[in-house]
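Comments concern the structure below.
Just so it is clear, none of the values below were taken in a lab; they were calculated from the coordinates. Worth saying up front: this structure is predicted, and the values here are computed from it rather than measured. Every residue, glycine as well, gets a Cβ built from its backbone with ideal geometry; the counts of neighbours run over all protein chains shown.
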Amino acid sequence: MGLAVMMLVTTLAVSHIVRHLRAVNAISAARDLDGRLRDGADILAADLRGISPRGDSLSVESDTAVEFYSAIGTSTLCAAPNPNTLILPPDSLASGRVLSSWVAEPEPGDDVLVFEDTTASGISGWQRASVQAVARVATSSACPLSAGLLQLGDVLSAARSLQLLVAPSLTLRSPRGAPVRFVRRVRYSVYRGGDRKWYLGYRRCPGACTAIQPLSGPYESVSGSPISFRYFSSAGAPVSASGSLTDVARVEVVPRAAYATPFQLPGMATAMLNDSLKRTVALRNRW
């Protein structure tokens, strides 16, 4: 009798532990899937937010891909010794001032925009060129104290200035202190990997796009692409792939996916775990 009672208690205990483990596994699977969905949406939303469709930042729009010029940094022009050369101050200054801020340092193939403000001539606006080459040069000669941008400690420090060779030529009447922006053409797209699973991928597109790199995933899907992009005007009307890119004021990123294996919860039939979310990105620069 005692042995039977012990076996019954053991069976109940094991059953309780199994149910508990199944519940923990189901919650863990749900959190994992939610994290994968948010990873891709958050990365893309952060990059999209600062673009300007009317300033030609948006290049391609489709339900599975979006291509645009992504902002990668800002700086201040120290000198332009000739129409094809720009000198920027060091990234880190002894004085503690910040004149450059980078998400990624400029590389050949990126675009540089320099703001020319010449009130006397009545001409102002952004001049644009492509970065052809990047080099680090001595600050004391490239951006000396006489340029009026740096302090003595900045010039004498070991930090080196950034020299850019650009094309086409720029016509800068007052280069010193001019604001400088850098943008990089990038493409986010949904693709299927060799494992037959879906991923959100990233490419640089200085001309021809580079090999795709996975950003988030894998996602399981039985009905086509698990991530879609939708575009809307400022009035809330959908903008189709054949519509005007300058009309886009809002982008929706909608990931949908299923977990790779069925999940089990006590009292519920075994089923696939599905989840989705929607990230809405209002484009800031609508000039």
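Would you mind checking which residues have amide H under 5 Å from Ala249's amide H? H placed 1.01 Å from N; only 5 or more apart, or other chain.
Phe232, Ser233, Ser234
At 0.36 nm per residue, and after removing the present C-alpha to C-alpha distance, how many nm does the segment from Trp102 to Val60 gain when stretched out fully?
Here the segment from Trp102 to Val60 would lengthen by 12.6 nm.
Taking the convex hull of the Cα atoms, report for the range 78-177 its projected area averaged over all directions, in nm². Working shown, then result.
Details: hull surface 25.6 nm².
Mean orientational projected area (the range 78-177, Cα hull): 6.4 nm².
Given charges of +1 on the Cβ of Lys and Arg and -1 on the Cβ of Asp and Glu, with all other atoms neutral, how large is the dipole of the range 97-201 about its Cα centre, in debye to the nearest 20? It would help to have the intermediate numbers written out before the result.
Working: 13 positive and 8 negative charges, 85 e Å.
For the range 97-201, the charge dipole is close to 400 debye.
From the phi angles alone, apply the Karplus equation (6.51, -1.76, 1.60; θ = phi - 60°) to the range 190-197 and give each ³J(HN,Hα) in whole Hz, x where the residue is Gly or Pro.
Coupling constants for the range 190-197: 8, 9, 9, x, x, 8, 6, 9 Hz.
For labels at Phe115 and Ser92 in the simple 7 Å Cα→Cβ model, what's the distance in nm?
2.8 nm
By how many nm would the segment from Arg128 to Lys197 grow when fully extended, if each residue of separation counts as 0.36 nm and the alpha-carbon distance is taken off? Before the final figure, lay out the partial values.
On the way: separation 69, 0.36 × 69 = 24.84 nm, distance 4.00 nm.
My answer for the length gained is 20.8 nm.
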